[in-house]
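All of the numbers you see were taken from the coordinates with simple rules; none came from a lab. Please read these numbers as outputs of a predicted model, since none were measured by experiment. Here the Cβ positions follow ideal geometry from the backbone for every residue, glycine too, while neighbour counts run over all protein chains shown.
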Amino acid sequence: MTDDHQRVAWVTGASSGIGEALAQSLAADGWAVILSGRRMDALQRLSETLDGPSLILAFEATDHEALPALVERALAWRGHIDLLINNAGVSQRSLALDTDFAVYRRLMEIDFFSPLRLTQLVLPHMVERGAGRIVAISSLAGRIGSPLRTGYCAAKHALLGYFEALRAEVELAYGVAVTSVLPGSVRTAVAANAVQGDGSARGVSDDNIENGIEPARVARIILGGIAEGRREIVIAEGAELHASSLRASDPERLFDGLAREGARLAQARAAAGSAFRPDPRRVAPL
């Protein structure tokens, strides 16, 4: 089945948080939406609430072998994909000294290689059409190296680097736009679902996340920026917005502040010994 008129968006990580809010906003604006994530039940519930057509393509982010067939199904649904939003990801809350190597590999697989592979498979279709936009939901942690997130920061830095370089290759040459999004603290389950040093889920949120920006507002900002053709969208408030500004204007001052937070965490680790777990009430933002 093809439909050359209705715009089609594919949103990964659509089962909750920013992805869910993006899917809802896109559907309300008349888009046909492809919903992807791990949890079929959550995707099904979301699909039933949308105003307009939707297709559920559930998959594990690390199952890269499944992606070619899923892309074929996505393209067959309406005949085209106008917007791909790479949103799925997982965060981290553990010091480098306490983090298994396997955790770093998992973070890179989910937060970097999965969106890279999906983009690699969708990109030729957009190039052939001479149109389309690819969005990467990175993080302020993709620009600022924050304690407790060495693996997460590494993956999000890599994501920004890949998509900035991709934009240079495809924007003017093939008419494919690329937008990077750098949110700060958003009120989602990202901190509760974050992996600890042994790979287990953290299970509790951070105060800064609980007081973060509402996902619906974040979705509106993202889609507004896309409509304006923006290449990069920073979404932050308060201390996080200040940190983002310092990264460009006075990085040494920012590095000093981050080092002080690292020293505080090191002292807390020494006091707690092997049982150290960061206090969610005192986790620095980003």
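Details
- Looking across the stretch 217-250, the residues that are part of a helix (DSSP H, G or I) and loosely packed, with under 12 Cβ neighbours inside 10 Å come down to 227, 248, 249.
- The residue of the stretch 146-156 that is surrounded by the fewest Cβ atoms within 10 Å (Cβ to Cβ), among those that are of a type in the set (Gly, Ala, Ser) and part of a helix (DSSP H, G or I), is 154.
- Restricting the stretch 15-36 to residues that are assigned to a loop (DSSP other than H, G, I, E, B) and hydroxyl-bearing (Ser, Thr, Tyr), the residue that is surrounded by the most Cβ atoms within 10 Å (Cβ to Cβ): 36
- Count of the stretch 189-210 residues which are more than 19 Å from residue 144 (Cβ to Cβ) and not in a strand (DSSP E or B): 13
- Qualifying residue in the stretch 126-146 (condition: among the acidic types (Asp, Glu) and more than 18 Å from residue 66 (Cα to Cα)): yes
- Matching residues in the stretch 120-145 - criterion: being among the β-branched types (Val, Ile, Thr) and surrounded by fewer than 19 Cβ atoms within 10 Å (Cβ to Cβ): 127
- Here the stretch 257-278 is the region considered, the condition is being among the charged types (D, E, K, R) and more than 27 Å from the chain's Cα centre (by Cα), and the residue that is surrounded by the most Cβ atoms within 10 Å (Cβ to Cβ) is 269.
- Residue in the stretch 269-283 that is in contact (Cβ under 8 Å) with a residue 60 or more places away in the chain, assigned to a helix (DSSP H, G or I) and within 16 Å of residue 96 (Cα to Cα) present: yes
- Residues that are under 13 Å from residue 132 (Cα atoms) and assigned to a strand (DSSP E or B), drawn from the stretch 67-89: 83, 84, 85
- Number of positions in the stretch 201-254 that are touching a residue at least 60 places away in the same chain (Cβ under 8 Å) and not acidic (Asp, Glu): 19
- Summed over the stretch 157-188, residues that are over 14 Å from residue 236 (Cβ atoms) and not in a strand (DSSP E or B) total 21.
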